[in-house]
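Encoded as structure tokens, the structure appears first; notes follow it.
Every number in this text was worked out from the coordinates using simple rules, so none of it is lab data. Worth saying up front: this structure is predicted, and the values here are computed from it rather than measured. As a convention, Cβ positions derive from the backbone with ideal geometry for all residues, glycine included, and neighbour counts pool all protein chains shown.
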Amino acid sequence: MKRILEQLYAHTRFLVLSHVSPDGDTIGSAVALCLALEKLGKDVVCAVDGDIPEKLGFLTGYFPVHSFADTPKEGYDCIIAVDAGDLGRLGKFGALFEAVGETIVIDHHGTNIGYGKYNLIRPYGATGQIILELLEAMGARVDENMANALYAAISTDTGNFSYSNVDAALLHAAARLREQGADIPMLTERIYHVRSLGATKLLGQALERLQLHCGGRIASLYVLQADYAACGAVKEDCDELINYAREVEGVEIAIFLRETGEKTFKVSLRSKEYADVAKLAMQFQGGGHVHAAGCTAQGSLEEVLGTLLRAAEALL
Ligand code: 5GP
Ligand code: MN
């Protein structure tokens, strides 16, 4: 922590990066960190390779988050990766990260090997909790926008405080954010209780394809690229779909496939009680956590699903 703080004080021009397929933790954490760095008088650019889900768009009102195309590619003396478990999770920004000598990785993924020059990796429920501790160690005043961003980060990575990664320290962090003005009713409504018509139709399509395997202990569903136009949806509308597979009574492992190109699928994996899906994801060069992991797989829908099912069955 102390070495990370020294780096934050020492440099003046920062690029703060979130991971591809950005979620609430990576965007909320990056936005709060950027606000704090700006208060220290630093020049800060926040960026992500990928579209931010509409329901998280309000976070970019606190601090702008640039796309890859509109991010200046040089002029930084330090790059910080937030919530990105490996270099590949930075997408097109990976090369830029590697090219700069001074890099910091702030993350909570158990599979993170520490690919930065400086690494702040703690096994917390969310990266947002690490950022809060960093800001507190800095002596920064956590204002309302920072509190909202970090509450969104912690809430979204813990199933709104419901997963096994919720411990007392994480709840204490949330309590401190509430004290600093986090608007819990507003955040809950925006993040959990709004779904576009397109997303609702996509949900219907995906549910029609829900299948059970291995005597009902594995559930799968998928979304094809053609579904977006047919439903009026966007790929970010896939984010919660895997939960419908996971929640089916008796299911231990849920598999969600999202077609991203010809014979290419982004794979999401979830487990309920005992199966370690991070291990499963690592067999396919991915990673993540015991109960939530992901990877990318090549092949036809049948091939990819068949391969994953065989590997998943071995974990039961
Ligand atoms: P999701 O299924 O929500 O995209 O991801 C679940 C978890 O797995 C997240 O914590 C995410 O960081 C991790 N994850 C997803 N895809 C990948 C991947 O391709 N590589 C690695 N290392 N982690 C991933
Ligand atoms: Mn996270």
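Across the alpha-carbon atoms of segment 197-315, the computed radius of gyration and Dmax are 13.2, 38 angstrom. With springs connecting C-alpha atoms under 10 Å apart, model the chain as a Gaussian network and identify which of LYS263, LYS235, LYS92 has the largest mean-square fluctuation. Of the options given, LYS263 has the highest mean-square fluctuation.
For the chain, the longest principal axis of the Cα atoms and the long axis of helix 197-208 meet at an angle of about 40 degrees. For HIS66, the residues whose modelled amide H falls within less than 5 Å of its own, excluding neighbours fewer than 5 places apart on the same chain, are CYS46, ALA47, VAL48.
Computed over neighbours whose Cβ is under 15 Å from that of ALA36, the net charge equals -2, Lys and Arg +1, Asp and Glu -1. On full extension, the segment bounded by LEU5 and SER300 gains 101.5 nm, given 0.36 nm per residue less the C-alpha separation. In the chain, Cα pairs under 8 Å separated by at least six residues give a relative contact order of 13 percent. For the chain, the spherically averaged projection of the C-alpha convex hull amounts to 15.4 nm².
Could you tell me the calculated FRET efficiency between ALA168 and GLU102, based on Cβ-Cβ distance and R0 = 35 angstrom, to the nearest 0.05? Walk me through the numbers before you get to the answer.
Values: r = 35 Å, r/R0 = 1.00.
The pair ALA168/GLU102 has a calculated efficiency of 0.50.
Our coupling estimate for segment 112-121, obtained by passing each phi through the Karplus curve with A = 6.51, B = -1.76, C = 1.60 and θ = phi - 60°, is 6, 8, x, 8, x, 5, 10, 9, 10, 10 Hz, Gly and Pro reported as x.
For segment 119-185, which trypsin sites (Lys or Arg not before Pro) are in a loop by DSSP, counting at most 13 other Cβ atoms within 10 Å? Write down the numbers at each step before the final one.
Working: sites: ARG141, ARG176, ARG178; in loops: ARG141.
When the trypsin sites (Lys or Arg not before Pro) of segment 119-185 are filtered for loop state and at most 13 Cβ neighbours within 10 Å, ARG141 remain.
Around ALA10, what is the net charge, scoring Lys/Arg as +1 and Asp/Glu as -1 over all other residues with Cβ under 15 Å from its Cβ? Within the 15 Å Cβ shell, the charges total +1.
Roughly what % of DSSP beta bridges within segment 171-266 run antiparallel, to the nearest 5? Show your work: numbers first, answer last.
On the way: 6 of 12 bridges.
Antiparallel bridges make up about 50 percent of those DSSP assigns within segment 171-266.
A Förster distance of 22 Å, applied to the separation of the beta-carbon atoms of ASP77 and GLU136, puts the FRET efficiency at 0.35.
Considering only GLY216, GLY85, GLY286, the Gaussian network model of the chain with Cα springs below 10 Å gives its largest mean-square fluctuation to GLY216.
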